[in-house]
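The values are calculated or read from the model by the stated rules, or taken from the named source; none is laboratory data. Since we're looking at a predicted model, the values are computed, not measured. In this analysis, Cβ positions are derived from the backbone assuming ideal geometry, glycine residues included, and neighbour counts consider all displayed protein chains.
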Amino acid sequence: MGLDYDGTLVEICNRPEDAKLSRERRTTLRDLLTDERFLMVFISGRRIDELLRMLRLPPCWAVGDHGAVIRQPDGAEHLLVSGTKLHVLDRLRTMLKEVCSLDGGLWVEAKAASVAMHYRGVPPGPARAAIARAREIYQKNFRKTLVIMPMKKVVEFIVAGVTKGRALQRVHRMTGGRMPVVYFGDDATDFSAIEYAERHGRAVFVGRENKTAASCLLPNPKSVHQLLSSLIK
């Protein structure tokens, strides 16, 4: 069972550090981790250490940086991107920091295989100008090596080939590949994992309108928790 974090297990917050699991939701996840019917894997765009810090769960399978890093329950870690590609991110991060001078609310986040420009809370005018400038930089310098991914109040530039779907496939194979897959996700970075899950089981899109390959729809993280709670014996 693959679970995205932001927008799926918890509601989207203006500040990422505020998107915390409630005690009730964390208890449900703890119970499912000990249920032999399920093998849980948490998949997020967040850095792997940050994801595990937000989850505060016993050792488990976790995927961070949109699929770039897999950490096993025993702590073993797999980086699914070559080091040569990461130098490109340093150049882009420097350029995006200049873009952030358009408004003090803009900020850049560096991850293992991506760079994100956040504009949540920024007025529409400066936000549009920043996005346009970031896209211009991307088209001129990075379109052959990075993939641009517009999300909820974030524009993220990810190393080509890094996806949640590939990471989900990798974990599925590492754990035997025989179990059916269920995946829950809510935005564009989840589409590849949703497609993989539909080929090997079922996927659930979390949101008001499903425009993905997912065969199931839930409106919000609260409904995700309700469904997960119903699975506990």
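Would you confirm, using the coordinates I've provided, whether Glu156 is in contact with a Ser or Thr (Cβ under 7 Å, 6 or more places away or on another chain), closer than 20 Å to Gly67 by Cβ and part of a strand (DSSP E or B)?
Working: in contact with a Ser or Thr (Cβ under 7 Å, 6 or more places away or on another chain): yes; closer than 20 Å to Gly67 by Cβ: yes; part of a strand (DSSP E or B): yes.
Yes, satisfied.
Just a yes or no: is a residue in the stretch 7-22 touching a residue at least 40 places away in the same chain (Cβ under 8 Å), over 21 Å from Met174 (Cβ atoms) and hydroxyl-bearing (Ser, Thr, Tyr)?
The answer is yes; a qualifying residue exists.
Hey, among Ala134, Ala130, Ala193, Ala110, which residue is under 26 Å from Asn220 (Cα atoms), touching a helix residue (DSSP H, G or I) at 6+ places or on another chain (Cβ under 7 Å) and small (Gly, Ala, Ser)?
Ala193
Which condition from (1) out of contact with any Ser or Thr (no Cβ under 8 Å at 6 or more places or on another chain); (2) more than 30 Å from Thr94 (Cα to Cα); (3) buried (at least 22 other Cβ atoms within 10 Å of the Cβ); (4) among the aliphatic types (A, V, I, L, M) is the one that Val224 breaks?
Condition (1) is where Val224 drops out.
Could you run through the stretch 161-179 and say how many residues are of a type in the set (A, V, I, L, M, F, W, C) and in contact with a helix residue (DSSP H, G or I) (Cβ under 8 Å, 6 or more places away or on another chain)?
Going through the stretch 161-179, the residues of a type in the set (A, V, I, L, M, F, W, C) turn out to be 162, 167-168, 171, 174, 179.
Still in the running and in contact with a helix residue (DSSP H, G or I) (Cβ under 8 Å, 6 or more places away or on another chain): 162, 167-168, 179.
Total meeting the criteria: 4.
Whether any residue in the stretch 87-96 is within 16 Å of Asp190 (Cβ to Cβ) and either surrounded by 15 or more Cβ atoms within 10 Å (Cβ to Cβ) or modelled with pLDDT of 95 or more (or both) is what I want to check.
There is no residue in the stretch 87-96 that is within 16 Å of Asp190 (Cβ to Cβ) and either surrounded by 15 or more Cβ atoms within 10 Å (Cβ to Cβ) or modelled with pLDDT of 95 or more (or both).
Conditions: (1) crowded, with 17+ Cβ neighbours inside 10 Å; (2) more than 30 Å from Leu228 (Cβ to Cβ). Met149 meets all but one. Number of the miss?
If we test Met149 against (1) crowded, with 17+ Cβ neighbours inside 10 Å; (2) more than 30 Å from Leu228 (Cβ to Cβ), just (2) comes out false.
How about the stretch 9-71: which strands (runs of 3 or more DSSP E) wholly inside it have at least 1 residues that are buried (at least 21 other Cβ atoms within 10 Å of the Cβ), among the aromatic types (Phe, Trp, Tyr) and not assigned by TED's automatic domain parsing to the domain that holds Leu106?
41-43
How about the stretch 188-205: which of its residues are crowded, with 20+ Cβ neighbours inside 10 Å, hydrophobic (A, V, I, L, M, F, W, C) and within 11 Å of the chain's Cα centre (by Cα)?
Within the stretch 188-205, Phe191, Ala193 meet the criteria.
From Val115, Val81, Val41, which residue is among the β-branched types (Val, Ile, Thr), at pLDDT 95 or above and within 19 Å of the chain's Cα centre (by Cα)?
So the residue among Val115, Val81, Val41 that is among the β-branched types (Val, Ile, Thr), at pLDDT 95 or above and within 19 Å of the chain's Cα centre (by Cα) is Val41.
Arg128 is checked against (1) touching a strand residue (DSSP E or B) at 6+ places or on another chain (Cβ under 6 Å); (2) more than 17 Å from Ser192 (Cβ to Cβ); (3) part of a helix (DSSP H, G or I); (4) not polar (S, T, N, Q) and fails just one. What number does that condition carry?
(1)
Just give me the residues in the stretch 171-201 being touching a residue at least 60 places away in the same chain (Cβ under 8 Å) and in a strand (DSSP E or B), in sequence order.
Selection gives Val181, Val182, Tyr183, Phe184, Gly185.
So which of Met117, Met149, Met95 is touching a residue at least 12 places away in the same chain (Cβ under 8 Å), farther than 30 Å from Pro219 by Cβ and either in a helix (DSSP H, G or I) or not assigned by TED's automatic domain parsing to the domain that holds Glu50 (or both)?
Met95
Just checking, how many residues over the stretch 202-233 are of a type in the set (Gly, Ala, Ser), within 16 Å of Asp4 (Cβ to Cβ) and not in a loop (DSSP other than H, G, I, E, B)?
Looking only at that region, the number is 2.
Checking Glu209 against (1) in contact (Cβ under 8 Å) with a residue 12 or more places away in the chain; (2) more than 15 Å from Ile12 (Cβ to Cβ), which single condition isn't satisfied?
In the conditions (1) in contact (Cβ under 8 Å) with a residue 12 or more places away in the chain; (2) more than 15 Å from Ile12 (Cβ to Cβ), Glu209 misses (1) alone.
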